[in-house]
Structures are given as C-alpha cells and as structure tokens.
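K.L.:
The structure that follows is given in the form of structure tokens.
The values are calculated or read from the model by the stated rules, or taken from the named source; none is laboratory data. Bear in mind that the values here come from a model prediction, so they are computed numbers and not experimental data. Here the Cβ positions follow ideal geometry from the backbone for every residue, glycine too, while neighbour counts run over all protein chains shown.
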Amino acid sequence: MKIAGILWHIRAKLCRNKLKQYKIMTSTNSAIVRCRINPEVKRQAEEILASIGMSTSDAMRLFLKQIAIRGEFPLELKVPNQKTINAFEEKKLASVSLQELRDM
C-alpha cells in the first residue's frame, strides 16, 4: 500500500510536469510584427544570424522581449556631438561607415 501511494505521487508529479511543458510548448505567439528593410541589410543580417543558429524571427522576438523586460531600448544610442555633426556636414554625408568615423 505504501509503495502504491509513492508510485501514485510520482505519476501525478510527472503528469503535472508534462502538463506544464505542454502549456509552454503550446503558448501561441499570435501578434505579427512587420517592417520594411533594405534587401541587402536583410541579407547580411540573416547571414550573421544563421551563423549563430538564429532566425530573423528569433532575433526580433529576443529584441522585443528585451525591451519589455528592461523597460527601455536594449542598445545604447547616442546623439552625435557637435564635432561629429560638423564632420558630417563638412563631408556632406547623410550616413557614414564605422571606418569613416574612425578616420575622422
């Protein structure tokens, strides 16, 4: 009788764990996020993501989840200082590469 009771508790615990796993696996991500992006930027990003085993959707979910968890943008963004603005204006650049910034 005692062994039967122990086995019942073990089976019940296993069933609860399976139910939790099932709920996790069946939770739906039903919201859709769409954005337009330059095809070359998309291709480059997908290549990098694929090299680490991640899809674009995985990366977007991770990015949005981090915003929700942190309550802020997860990357440091900086407003250019006057020296940088002047350098952009001097070169008449709308955008600049990282190497060009280093060379300035």
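K.L.:
Could you say whether any residue in region 15-35 is at pLDDT 90 or above and part of a helix (DSSP H, G or I)?
P.N.:
Within region 15-35, not a single residue is at pLDDT 90 or above and part of a helix (DSSP H, G or I).
K.L.:
Name the helices (runs of 4 or more DSSP H) wholly inside region 50-104 in which the number of residues that are surrounded by fewer than 12 Cβ atoms within 10 Å (Cβ to Cβ), within 24 Å of the chain's Cα centre (by Cα) and at pLDDT 75 or above is 3 or more. Can you show your working first?
P.N.:
Working: elements: 56-70, 82-91, 98-103.
Hits in region 50-104: 56-70.
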